[in-house]
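The values are calculated or read from the model by the stated rules, or taken from the named source; none is laboratory data. If you're wondering where the values come from, they're calculated on a predicted model, not measured in any experiment. Because the Cβ atoms are built from the backbone with ideal geometry, glycine has one as well, and the counts that use them run over all protein chains shown.
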């Protein structure tokens, strides 16, 4: 009697694979459908933003940050201007801070919409994605009204924002806050509480709290593992300390704490919380200038500074080192997706190929944020 | 078909001396008719599906090309026909070329025993139901061939998944059909439909017996799985396997797979209607006083009307549900559907004995 022997093979997943969200490549060592090892191969979208920044003036760098995370362009550039403001010691006018908070949270909502929508798409359901896109269009219109563009806004400036919000902005945002929660409920009925969907995600790709901390996960991925850590609460920047909101964390409601469903649910709940913040911010928004007086030529003192915001994909930190000239000596960007990529191999042993897709989708990595 | 042949011989006595030739020509003509019918049905289905999907997703769907976008599928077919025929390097050329036709064969052959109306059936085989179960799984050979011949690991996984899936789901689908056969007392599809005659659909198989009612759902689910429809479309899961077994196909060969898939949707719905929902038995009984030909047309309409509703159901499911995982798929089959189907079979047996 001969023993049945199975051979392991290498599968090349990406860079042109439909569910790798851009250009990622995974070298998957698997035994049929069961995965043994996954090697992420990154760098297909490396544009060298950090190096380019060393040749640019401080205010010329802002548009590059829109391209660090194109789905949450506002949050990314917010991190950068915060770092420069810290370096220069600039006081930002309160109205500008409120505008930043409102736009930042709106941006978080649409980023999460794309995230949960494309995650459902990865799971084989097409309709949730188009519904998510439909809701996103409403916010895109608001962004177009305020900033003139729909994807890469280039709106924050060092010391404030580019311009004041136009007339009708308040009504439109409030209208959206009325419109969105019922639509989100509709979305949840369609996919979130769908039995097949829950069964696909429960107990899959479990990241324990210890692992999450060890691999430096931040944002929804960390909170999905049950750790209540959010920069908006733990290290409040801007005017976040003035608002009341909860930090949703994973509870293991479908299966194990830290599984793919928990990470998904954190995003769904964060959208609701963002809505709350926007409502409070629009009510409290003070009048006044939207930009501090900032010299045309920026020459920060020698020193280094780290500033981070809670972007939709986790802590987006900027480390700036200044040598006293008008250009940064060194700029380092810390992104949530990059840390999330490092954990893929750790948790993917023993998963099936379909689960790997669920893992990547639940980590919500996007290629430009990994490679910069 | 036999009647048609006999009628031809009778009306044109000169044909009697060339019986073989007449039969041959008749077969070819009928075969072409079936192919055309299959193509038109599948094409219309793609339009229907795109419209349904668009409605569900708050989009417009095809609206540009002729008759409110209906001609779109002809345009698509022409585009696919005119595309360059690409055969990648290192593929197994013979299998690669044969595979699409095998995939379509499984769908095409089942039209033979499909009773469209009382008189409109190509061949009223006395083993019709068995024939349907047997032929419909030829598709798996095509899919497996395509997966193997493509020289692509993703295709291979798709092919293997498909083989495992279709072979497994053959069992519950066959077991779910058996109660109907028991009740009708015949394997002929026409006899099964005739056994469902009655007023306003209360004598449809599905309402005759609680066990058959359950069987219907088992049959429907396993047919969905056999035809690789969402939520069981693992062989072509586009977010996992790129495009599964047809990754390397393009142009007309791809169109053949497409044709097979959409023919299968129609076949699945048509057989669900035939076996469980009264087939061509006229809707609302026949209390209406209408002349002979109109009755036949009404029967034809009843059949297509019910089939369309089933098709709509299949499409709605496709655009609503996510996809299951391969182990869950197998678990569903062996842990739930097969035992339930067995239970139904014995239930019907006891019901009939008592």
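Observations, loosely collected:
- Residue count, segment A:123-164 (criterion: within 14 Å of chain B (Cβ to nearest Cβ), crowded, with 24+ Cβ neighbours inside 10 Å and within 18 Å of the chain's Cα centre (by Cα)): 1
- Total residues in segment B:139-155 satisfying the condition of being within 14 Å of chain A (Cβ to nearest Cβ) and farther than 12 Å from residue B:243 by Cβ: the figure is 2.
Here's the yes/no breakdown for (1) touching a residue at least 40 places away in the same chain (Cβ under 8 Å); (2) under 23 Å from residue B:338 (Cα atoms):
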position: B:110; (1), (2): yes, no
position: B:120; (1), (2): yes, no
position: B:133; (1), (2): yes, yes
position: B:173; (1), (2): yes, yes
position: B:191; (1), (2): no, no
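- Residue within segment A:240-254 that is touching a residue at least 12 places away in the same chain (Cβ under 8 Å), in contact with a strand residue (DSSP E or B) (Cβ under 9 Å, 6 or more places away or on another chain) and buried (at least 19 other Cβ atoms within 10 Å of the Cβ) present: yes
- On inspection, residue A:296 qualifies as exposed (fewer than 14 other Cβ atoms within 10 Å of the Cβ) and out of contact with any helix residue (DSSP H, G or I) (no Cβ under 7 Å at 6 or more places or on another chain).
- Out of B:316, B:307, B:293, sole residue that is touching a residue at least 24 places away in the same chain (Cβ under 8 Å) and surrounded by fewer than 20 Cβ atoms within 10 Å (Cβ to Cβ): B:316
- Scanning segment B:45-54 for any residue that is over 26 Å from the mean Cα position of the chain (by Cα) and assigned to a helix (DSSP H, G or I) turns up nothing.
- Among the residues listed as B:99, B:77, B:42, the single one being assigned by TED's automatic domain parsing to the domain that holds residue B:316 and touching a residue at least 40 places away in the same chain (Cβ under 8 Å): B:99
- Restricting A:89, A:124, A:117, A:104 to residues that are out of contact with any strand residue (DSSP E or B) (no Cβ under 9 Å at 6 or more places or on another chain) and under 21 Å from residue A:368 (Cα atoms) narrows the list to A:117.
- Test: residue in segment B:91-101 that is outside any helix (DSSP H, G or I) and farther than 27 Å from residue B:6 by Cα: yes
- Every test in (1) without any contact (Cβ under 8 Å) to a residue 24 or more places away in the chain; (2) within 14 Å of chain B (Cβ to nearest Cβ) is passed by residue A:167 save one, and that test is (2).
- Count - residues of segment B:309-334 that are touching a helix residue (DSSP H, G or I) at 6+ places or on another chain (Cβ under 6 Å) and more than 14 Å from chain A (Cβ to nearest Cβ): 4
- Leading residue by the ranking (surrounded by the fewest Cβ atoms within 10 Å (Cβ to Cβ)) among those in segment A:108-122 that are under 16 Å from the mean Cα position of the chain (by Cα) and within 11 Å of chain B (Cβ to nearest Cβ): A:118
So that you can scan it fast, the table gives a plain yes or no per residue for (1) under 15 Å from the mean Cα position of the chain (by Cα); (2) within 17 Å of residue A:188 (Cα to Cα):
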residue: A:200; (1), (2): no, yes
residue: A:203; (1), (2): no, no
residue: A:206; (1), (2): no, no
residue: A:217; (1), (2): yes, no
residue: A:221; (1), (2): yes, no
residue: A:239; (1), (2): no, no
residue: A:260; (1), (2): no, yes
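- When residues of segment B:51-74 are limited to those that are within 12 Å of chain A (Cβ to nearest Cβ) and touching a residue at least 12 places away in the same chain (Cβ under 8 Å), the one farthest from residue A:127 (Cα to Cα): B:52
- Looking only at segment A:340-354, and only at residues there that are out of contact with any helix residue (DSSP H, G or I) (no Cβ under 8 Å at 6 or more places or on another chain) and modelled with pLDDT of 85 or more, the one that is nearest to residue A:54 (Cα to Cα): A:342
- Of the residues making up segment B:335-344, just one is over 17 Å from residue B:223 (Cβ atoms) and under 24 Å from the mean Cα position of the chain (by Cα), namely B:342.
- Of the residues screened, residue B:59 is one that is modelled with pLDDT of 85 or more, over 23 Å from residue B:108 (Cβ atoms) and outside any helix (DSSP H, G or I).
- Among the residues of segment A:362-371, those identified as in a helix (DSSP H, G or I) and within 12 Å of residue A:22 (Cα to Cα) are A:367, A:368, A:369, A:370, A:371.
- Whichever residue in segment A:193-210 is within 11 Å of another protein chain (Cβ to nearest Cβ), in contact with a helix residue (DSSP H, G or I) (Cβ under 9 Å, 6 or more places away or on another chain) and part of a helix (DSSP H, G or I) and, among such residues, is farthest from residue B:317 (Cα to Cα): A:201
- For segment B:157-181, the set of residues classified as within 14 Å of chain A (Cβ to nearest Cβ) and surrounded by fewer than 23 Cβ atoms within 10 Å (Cβ to Cβ) consists of B:160, B:163, B:164, listed by residue number.
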